[in-house]
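Visitor: Handing you this structure, nothing more for now.
Each reported figure results from applying straightforward, stated rules to the coordinates on display, with no laboratory input. Please read these numbers as outputs of a predicted model, since none were measured by experiment. Cβ atoms come from the backbone with ideal geometry, glycine included; neighbour counts cover every protein chain shown.
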Amino acid sequence: MASGKVGIVEDHGLIALGLTGLLRDAGVESVRAATVDDLLSQAQALTLAVLDLRLADGSSVTGNITRLQEAGLPVLILTSGENPALLREAARADVLGIVPKSLPESEILSAVLQALAGNPVASLEWAAALDADPHLADAGLSPREREILALYASGETAKTVARLTGLTPATVANYISRIRAKYAQAGRQAASRVDLYHRALEDRLLGDGA
């Protein structure tokens, strides 16, 4: 089971209370706040922030995500998804995922626990927002690079990717280095394995983003 404490930024009391209850039943501690300011002022030892996209204080999506990340908190978006522009704005940030509030409670809980463990959470909403985003620069990957990225970003080790593609581990490592460089040149961060997962999802190279 994932461990840690979740900070919930949600100004709809019933939704925040419901998520708190789900987490409590799963043995996960959480705190609630109506704004990012309120959450950060509590100075709790948090592991993850679950953020609603539209808050009553008028704060911006990018600003809220940035402030939470600067405080050392990875962010999972929980949203009603009625505003495509806000979804695209969130999708461009390095959030762990975008989860609709309309999902069954068990699926929302599963997504939060997955994010609490530090794992990206793919969803159709995230993929659709990325697909409609005109600001994603093409990294210009070759078909072979796309194949290797898809395998590596899905969780395979470089050694396994080498076996599956008939290459040596050193050649796979060179490919991954070139892939990182191409994304960096396109202005899209790819320094970590999680970054590469995000880039592969954005470019629809993974099954969840297809």
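Visitor: What is the chain by shape, rounded, prolate or oblate, if you read a ≥ b ≥ c off the alpha carbon gyration tensor as root eigenvalues and call it rounded for a/c under 1.5, prolate for a/b larger than b/c, and oblate otherwise?
Guide: Details: a/c = 2.16, a/b = 1.78, b/c = 1.21.
In terms of gyration-tensor shape, prolate.
Visitor: Residue-wise, which Karplus ³J(HN,Hα) couplings in Hz belong to region 44-52, taking 6.51 cos²θ - 1.76 cosθ + 1.60, θ = phi - 60°, and x for glycine or proline?
Guide: 7, 7, 9, 10, 8, 10, 9, 10, 7
Visitor: Which angle from 0 to 90°, rounded to the nearest 10, does the C-alpha axis of helix 193-202 make with the longest principal axis of the chain?
Guide: In the chain, helix 193-202 runs at an angle near 90 degrees to the longest axis.
Visitor: Let a ≥ b ≥ c be the square roots of the eigenvalues of the Cα gyration tensor of region 1-56; is it rounded (a/c under 1.5), or, if not, prolate (a/b larger than b/c) or oblate?
Guide: Numbers: a/c = 2.19, a/b = 1.29, b/c = 1.70.
Cα axes put region 1-56 in the oblate bin.
Visitor: Just want to confirm a number: the relative contact order over the chain, from Cα pairs under 8 angstrom separated by 6+ residues, in percent. Don't skip to the answer; put the middle values down first.
Guide: Working: 313 pairs, mean separation 33.0, N = 210.
Relative contact order comes out at 16 percent.
Visitor: Can you say what percent of the DSSP beta bridges in the chain, counting only those with both residues inside, are antiparallel? Round to 5. Display every interim value, and only then the final one.
Guide: Details: 0 of 17 bridges.
Counting DSSP beta bridges with both partners in the chain, the antiparallel share is about 0 percent.
Visitor: Here is a further query. When the chain is treated as a GNM, springs tying every alpha-carbon pair under 10 Å, which of 106, 59, 30 comes out with the largest mean-square fluctuation?
Guide: In the Gaussian network model the winner is 106.
Visitor: Let me ask you something else. With only Lys, Arg, Asp and Glu charged, each at its Cβ (+1 for the first two, -1 for the last two), find how big the charge dipole of the chain is about the Cα centre; round to the nearest 20 debye. Could you put the intermediate results ahead of the total?
Guide: On the way: 19 positive and 25 negative charges, 188 e Å.
Roughly 900 debye for the chain.
Visitor: What residue among 187, 58, 155 shows peak mean-square fluctuation when the chain is described by a Gaussian network model with Cα springs under 10 Å?
Guide: Among 187, 58, 155, the largest GNM mean-square fluctuation belongs to 58.
Visitor: In degrees between 0 and 90, to the nearest 10, how far off the longest principal axis of the chain does helix 143-153 point, with axes built from Cα atoms?
Guide: Value to nearest ten degrees: 40.
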